[in-house]
């Protein structure tokens, strides 16, 4: 089967410090455009093929990214809680491009992610459950940059789970054989944004 891992589109900035509520931003206007371009590409693009199911993490930004695709296909978005990002519980969300170059970014890089082995094991279990549920099918999973990196690192035998940065709505393809063999076919496909002339981020220079 073919597994298409899609990082969410550009989300809004959310600061719930005052209320203490968990930050769960929806997509920004640009993020919505990215999601529509993704749907156009996967349904009507040159490499379009039947899609058996559409999954997403519980976060709004992941669900919103694959919602246009699911609607075009007449499918319900299936929530898989194990493909959620590692920042669960945080009450502030700042897009990574805005963070880069700031003291907060330096602190994040130095600290790393909490419990990386636990996080990666959870992600792998979620992805493998999706694979098992759709033998021979093509499945799209709307998730997060950390989730994409952690799963691909597992498949490629890379010890650092955050070894690369998946871009907004990038497509990352994995072929999964019934024998258990997994192959990483591509990383950070962005042709859908390039063809639609939709920028990657508001923060591009």
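No value in this document is a laboratory result; all are computed from the given coordinates. Fair warning: this is a prediction, and the values are worked out from it, not measured in the lab. Reconstructed Cβ throughout: ideal geometry from the backbone, glycine too, with neighbour counts over all protein chains shown.
Rg of the Cα atoms in the range 8-58, relative to 2.2 N^0.38 Å, amounts to 1.53. As a proxy for reagent exposure, 86, 93 were ordered by neighbouring Cβ count within 10 angstrom, fewest first; the result is 93, 86. Footprinting exposure proxy ranking of 134, 181, 8, fewest other C-beta atoms within 10 angstrom first, gives 181, 134, 8. Fewest-first ordering of 10, 69 by other beta carbons within 10 Å of each residue's beta carbon gives 69, 10. Both the radius of gyration and Dmax for the chain are 16.3, 51 Å, in that order, over alpha-carbon atoms.
DSSP beta bridges fully contained in the chain are about 50 percent antiparallel.
Summing -39500 (n - 2.57) over the DSSP H runs of n ≥ 4 in the chain and dividing by its residue number, what mean residue ellipticity at 222 nm do you reach, to the nearest 500 deg cm²/dmol?
Only helices count here, giving -12000 deg cm²/dmol.
Across the chain, Cα pairs under 8 Å and at least six residues apart give a relative contact order of 32 percent.
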